[in-house]
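Contents: one structure, followed by commentary.
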Amino acid sequence: MDTIFIDAKYNKEIRLDESVLKTLKKYKKIALFASVQFLNLENVKEQLKDHKLIVSKPDRTNATHQLLGCDVFHENLKLPEEPDAFLYIGDGLFHPRALLLASDKPVIQFDPMDNSHKILTRKDIKEILKKYKGSLMKFLSSRYIGIFITVKPGQQQFLFSKKLEEKYPNKDFYYFVGNNFDASQTENYSFIQAWINTACPRISLDDSVNYSFPMVNINDALEAEEVLKKL
């Protein structure tokens, strides 16, 4: 069966309303991002001509300014310099929350669908960070570690995960391979004290508040002590 991918772009003009422009006045350097359907940003750039606009093309994206939900690591954003704030164009909180997880700068989210905006700060992910910090501490103190390896193209990191054995020779690692992560199945492996996620990093972050077990992303596990100092 053939597969055809069709762009579903927002076909209306995107312009920031006065309330957003007023909010942005306090920030000199602004990094601009949007989800893929809202990348027609020429009007927005013109409105921001009095600011220093920071432009980047994050990892795995197809266009400048595009943001993916998995871009929760600061280095993935490929920022040429640090902004004073982020401006995200799009609906929903999934993508702008990625910016909060990647940086300590405020995020102004503008929704062109209803011309509304929100100001998001690290306080909005306080519970996520609190749970994640506890998971990292539990990982460091545990011996028996389960590693979830997905078989999905673009996310499979089995070879990369072997670095954990080099980094922590005193821990015992067990590899669990599958297409999707099913949290309920962890109950079948009660000897596992902490889990490592090598798939989408949001599994270990946003979703973690619903888990009774600790889970951390592989990138953070490899630098656990350094990451803890920043949380």
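The values are calculated or read from the model by the stated rules, or taken from the named source; none is laboratory data. Remember, predicted model here, so these are calculated numbers, not experimental data. Ideal geometry is used to build each Cβ from the backbone, glycine not excepted, and the neighbour counts take in all protein chains shown.
A compact table of results
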| read-out | value |
| --- | --- |
| Residue among 116, 141, 190, 135 that alone is within 30 Å of residue 35 (Cβ to Cβ), free of Cβ contacts under 8 Å to residues at least 24 places away in the same chain and among the hydroxyl-bearing types (Ser, Thr, Tyr) | 116 |
| Failed item, numbered, when residue 98 is tested on (1) free of Cβ contacts under 8 Å to residues at least 40 places away in the same chain; (2) outside the structural domain of residue 209 (by TED's automatic domain parsing); (3) of a type in the set (A, V, I, L, M, F, W, C) | (1) |
| Some residue of segment 43-61 being closer than 30 Å to residue 204 by Cα, surrounded by fewer than 13 Cβ atoms within 10 Å (Cβ to Cβ) and in contact (Cβ under 8 Å) with a residue 24 or more places away in the chain | yes |
| Residues (in a helix (DSSP H, G or I) and either surrounded by fewer than 18 Cβ atoms within 10 Å (Cβ to Cβ) or free of Cβ contacts under 8 Å to residues at least 40 places away in the same chain (or both)) located in segment 24-42 | 36, 37, 42 |
| Top-ranked residue of segment 62-81 - restricted to ones that are among the hydrophobic types (A, V, I, L, M, F, W, C) and assigned to a loop (DSSP other than H, G, I, E, B), ranked as surrounded by the most Cβ atoms within 10 Å (Cβ to Cβ) | 67 |
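Quick grid of which residues meet (1) in contact with a strand residue (DSSP E or B) (Cβ under 7 Å, 6 or more places away or on another chain); (2) part of a helix (DSSP H, G or I); (3) crowded, with 17+ Cβ neighbours inside 10 Å:
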site: 164; (1), (2), (3): yes, yes, yes
site: 169; (1), (2), (3): no, no, no
site: 192; (1), (2), (3): yes, no, yes
site: 195; (1), (2), (3): yes, no, yes
site: 202; (1), (2), (3): no, yes, yes
site: 220; (1), (2), (3): no, yes, yes
site: 227; (1), (2), (3): no, yes, yes
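Yes/no per residue for (1) exposed (fewer than 13 other Cβ atoms within 10 Å of the Cβ); (2) closer than 30 Å to residue 31 by Cα; (3) outside the structural domain of residue 222 (by TED's automatic domain parsing):
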{"site": "112", "(1), (2), (3)": "no, yes, yes"}
{"site": "136", "(1), (2), (3)": "no, yes, no"}
{"site": "140", "(1), (2), (3)": "no, no, no"}
{"site": "154", "(1), (2), (3)": "yes, yes, no"}
{"site": "159", "(1), (2), (3)": "yes, no, no"}
{"site": "187", "(1), (2), (3)": "yes, no, no"}
